1. How many nm separate the modelled label positions at S91 and D77, each set 7 Å beyond the Cα in the direction of the Cβ?
2. Quick one: which residues, 5 or more positions from V101 or on another chain, have an amide H under 5 Å from its amide H? H modelled 1.01 Å from N in the peptide plane, none for Pro or chain starts.
3. With axes computed from alpha carbons, what is the tilt in degrees of helix 2-20 against the longest principal axis of the chain, rounded to the nearest 10 within 0 to 90?
4. Net charge around P235, counting only other residues with Cβ within less than 14 Å of its Cβ (Lys, Arg = +1; Asp, Glu = -1)?
5. Quick check: convex hull of the Cα atoms in region 2-51, volume per residue, rounded to a whole Å³?
6. How high is the relative contact order of region 1-272, given as a whole-number percent (alpha carbon pairs under 8 Å, six or more residues apart)?
7. Report the one residue of T70, W132, L113 whose Cα lies farthest in the direction of the positive end of the charge dipole of the chain (charges on C-beta: Lys and Arg +1, Asp and Glu -1; origin at the Cα centre).
8. First compute the accessible area of the chain with a 1.4 Å probe, then give the percent of it belonging to carbon and sulfur atoms.
Amino acid sequence: MRRYGSLQAEALTSVARRLVEPLPDSPVVMDVGCGAGSMSVPLVSALRDHGGGVLVLVDATPELLDAACTAARLESDGVVQVKPVLADLSSEDPLSFAGPVELIWGSRVIHHLPDQLRGVKRLVSALAPGGWLALAEGGLETRFLPWDLGVGAPGLQDRLAAARADWFVSMRENMTGTVRLPVGWNVALADAGLGEISAFSFVVDHPAPAKQLVRDWAADRLTWLAEVTSPSLHPADREALRRLLNPSDSEYVGAREDVFLLETDTVHVGRRR
């Protein structure tokens with residue numbers, strides 16, 4: 001998570017400044033599902049430049065929450081108050097502690113909830129009148145491998161993407177109490193009672209030849225993809241993945257000079273009336 005956050009840092013800094021800029025003085029901002037703090041630090045930086053405020057960090061994993069809190073406090077310079085809260089968004093009432101919030105940020109967290117619309121509505125209920133909800137959900141498929149790797153058949157990443165989509169559908173279907181969300185995020189935000197709905201996208205671009213941090217991230221990403229897609233893949237693709245993930249192999253992804261990172265994430269924004 002820290003590695004990925006470092007690669008997103010420049011783009012997320014711009015996103016945080018864009019979201020904090022219209023807020024009132026000394027706002028309360030919440031980072032839901034903060035993880036290791038990839039957005040927490042940019043939010044603290046934006047709040048510091050805004051004149052100060054409060055950043056509430058929410059996560060269900062103590063180790064991640066501690067890491068995010070430590071990083072955010074180092075960035076705050078004492079101007080921004082950082083409040084960590086150990087809570088699970090899928091529990092009954094994890095947000096009652098916060099009081100009215102001027103901005104809630106959530107990245108790739110809502111789609112892990114059985115009832116996504118209910119989760120959005122609960123976030124909306126924590127907003128102050130006129131407060132903003134910003135959800136980073138969806139975008140374009142992340143690319144990091146050339147089309148022809150010289151290992152196995154060309155187009156491995158496209159087949160991994162298709163298998164990952166199948167895995168995601170299965171993951172959602174196997175959740176206890178899962179409810180489909182058969183609309184786009186703009187409609188979901190409107191159904192949750194928000195107005196002034198809009199969206200924007202940001203790009204993370206590290207072209208080849210990329211620094212070692214990108215190559216290490218690519219090995220992490222490919223390892224995860226191999227784990228979740230392996231049952232759906234052709235044996236030849238599984239063999240290609242074995243070679244790409246073997247540090248002793250000449251084709252090891254972490255040592256290739258043609259690895260890159262290109263992704264586009266979309267942020268969906270709405271305002272409580």
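1. Taking the two extended label points, one gets 3.5 nm.
2. Sorted by chain and number, the residues that satisfy this are L127, A128.
3. Here the helix axis deviates by roughly 40 degrees.
4. Counting the neighbours of P235, the net charge comes to +2.
5. Dividing the Cα hull volume of region 2-51 by its residue count gives 63 Å³.
6. Taking the mean separation of contacting Cα pairs over the length of region 1-272, I get 20 percent.
7. W132
8. C and S atoms contribute 51 percent here.
The values are calculated or read from the model by the stated rules, or taken from the named source; none is laboratory data. Keep in mind that this is a model prediction, so the values were computed, not measured. So basically every Cβ, Gly included, is an ideal-geometry build from the backbone, and we count neighbours across all protein chains shown. Note: areas computed on protein heavy atoms with side chains; ligands, DNA, RNA excluded. Shrake-Rupley method; radii C 1.70, N 1.55, O 1.52, S 1.80 Å.
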